[in-house]
Amino acid sequence: MKMIIFGATGKTGRELVLQGLEQGHEITAFVRNPDKLNMEHPLLHIVQGDVTSYDEVNAALAAKHYDAVFSALGAKSPFQRDLRLVEAVRHITHAAAAQQAGKIVHISFIGTRKDAGKLGLLYRWITPLLMRNLLADHRDKEQIISSGAANWVLVQPPLLTNGERTGSYYYETTIRQLPSSKLKLSRANLAEFMLKLAQQSEQDRKAVMVSE
Ligand SMILES: NC(=O)c1ccc[n+]([C@@H]2O[C@H](COP(=O)([O-])OP(=O)(O)OC[C@H]3O[C@@H](n4cnc5c(N)ncnc54)[C@H](OP(=O)(O)O)[C@@H]3O)[C@@H](O)[C@H]2O)c1
């Protein structure tokens, strides 16, 4: 498959690049700073660009017919809004539709869900209060992608860790109660799951929670 990754220099983005290459996919990494990616591979193409420019995002998507578009950008602070990244997601969504890309696979956050309160106090009271700006950004991005013309899947993990890839995780489109010890996921497992979602259609046009 041909895949493009926005946020490829991030912790999850890098996992997507590595695992995508390992699986034999042709990967384009759209980055603002190629030195930070510091990777070479025959199947890896690095495009330097600015996600806040629609023309640059659209040009990258127009260069090939991509089967999957990974959206793995992330704000620096969980306490402040970063409207540049909301705008970036809008550009990715519109350009993916304009260029008839296969599917957007976007990382969101489990806390955005209406039924997140079932997960306990952390998601019922604390996250909505302390992380209201992050939640607002994530909800806006979900709304933009899910109302766009390109096919999509929203991936909603809880706390991300730098733990190893085990291939063992639980995913569902509705939340059931989980012990708090299970409310985390390694970025390596998240990337593995996202690559699976890119290659299967069962969860298309759905928001899927995923956790250990
Ligand atoms: N941390 C958690 O526990 C957690 C839980 C659930 C969901 N999430 C979500 O998961 C996603 C991925 O998280 P992560 O920890 O893998 O992300 P990360 O390591 O912080 O990476 C963020 C990526 O976004 C890029 N980026 C940020 N601002 C940018 C800008 N203005 N212009 C261009 N690129 C920009 C960064 O580029 P540079 O490398 O150039 O800076 C980097 O590639 C995020 O959306 C996050 O909200 C996180």
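The values are calculated or read from the model by the stated rules, or taken from the named source; none is laboratory data. For clarity, every value in this text was computed on a predicted model and none was experimentally measured. Every residue, glycine as well, gets a Cβ built from its backbone with ideal geometry; the counts of neighbours run over all protein chains shown. Side chains are part of the model used for accessible areas, which takes the heavy atoms of the whole protein and leaves out ligands, DNA and RNA. Shrake-Rupley method; radii C 1.70, N 1.55, O 1.52, S 1.80 Å.
Quick check: at a probe of 1.4 Å, how many percent of the accessible area of the chain sits on carbon and sulfur atoms?
The C+S portion of the solvent-accessible surface of the chain is 50 percent.
Which value, in debye to the nearest 20, gives the size of the charge dipole of the range 120-192 about its Cα centre, when Lys and Arg are +1 and Asp and Glu are -1 at the Cβ?
Numbers: 9 positive and 6 negative charges, 46 e Å.
I would put it at about 220 debye.
Starting from the Cα of K2, draw a straight line to each of the lysines and keep only those under 19 Å, dropping any in the same chain fewer than 8 residues away.
K64, K103, K196
Please identify, among A29, A63, A188, the residue showing maximal mean-square fluctuation in a Gaussian network model of the chain using a 10 angstrom Cα cutoff.
Result: A63 has the largest fluctuation of those listed.
So what is the calculated 222 nm ellipticity per residue for the chain, using -39500 (n - 2.57) for each DSSP H run with n of 4 or more, over all residues, to the nearest 500 deg cm²/dmol?
Per the formula, -10000 deg cm²/dmol.
Using unit Cβ charges (K, R positive; D, E negative) and no other charged atoms, how large, in debye to the nearest 20, is the dipole of the range 2-211 about its Cα centre? List each step's numbers first, then the result.
On the way: 26 positive and 20 negative charges, 169 e Å.
Here the size comes out at about 820 debye.
Among P34, P78, P42, whose mean-square fluctuation peaks in a Gaussian network model of the chain (Cα, cutoff 10 Å)?
P42
With a 1.4 Å probe and all protein chains in place, put H106, H65, H41 in order of accessible area, largest first.
H65, H41, H106
Over the chain, what is the mean sequence separation of C-alpha contacts under 8 Å (at least six apart), divided by residue count, expressed as relative contact order in percent?
Numbers: 426 pairs, mean separation 42.6, N = 212.
Result for the chain is 20 percent.
Heavy atoms only, 1.4 Å probe, whole protein assembly: order E40, E164 by accessible area, highest first.
E40, E164
For the chain, set up a Gaussian network in which alpha carbons nearer than 10 Å are linked by springs, and say which option among I145, I107, I175 fluctuates the most.
Checking each option, the largest mean-square fluctuation is seen for I175.
Set the Förster distance to 30 Å, then compute FRET efficiency between Q80 and N162 from the Cβ-Cβ distance, nearest 0.05.
Computed FRET efficiency for Q80 and N162 comes out at 0.80.
Could you work out how far the C-alpha centroid of the range 118-171 sits from that of the range 29-53, in angstrom?
25
Top to bottom by accessible area (1.4 Å), largest first, where do R14, R81, R176 land?
Ranked list, largest accessible area first: R176, R81, R14.
How much accessible area per residue does the chain have, in Å², with a 1.4 Å probe?
48
Take every DSSP beta bridge with both residues inside the range 60-212 and express the antiparallel ones as a percent of the total, to the nearest 5.
20
For the pair A136 and R205, how long in nm is the line joining their label points, each one 7 Å along Cα→Cβ?
3.1
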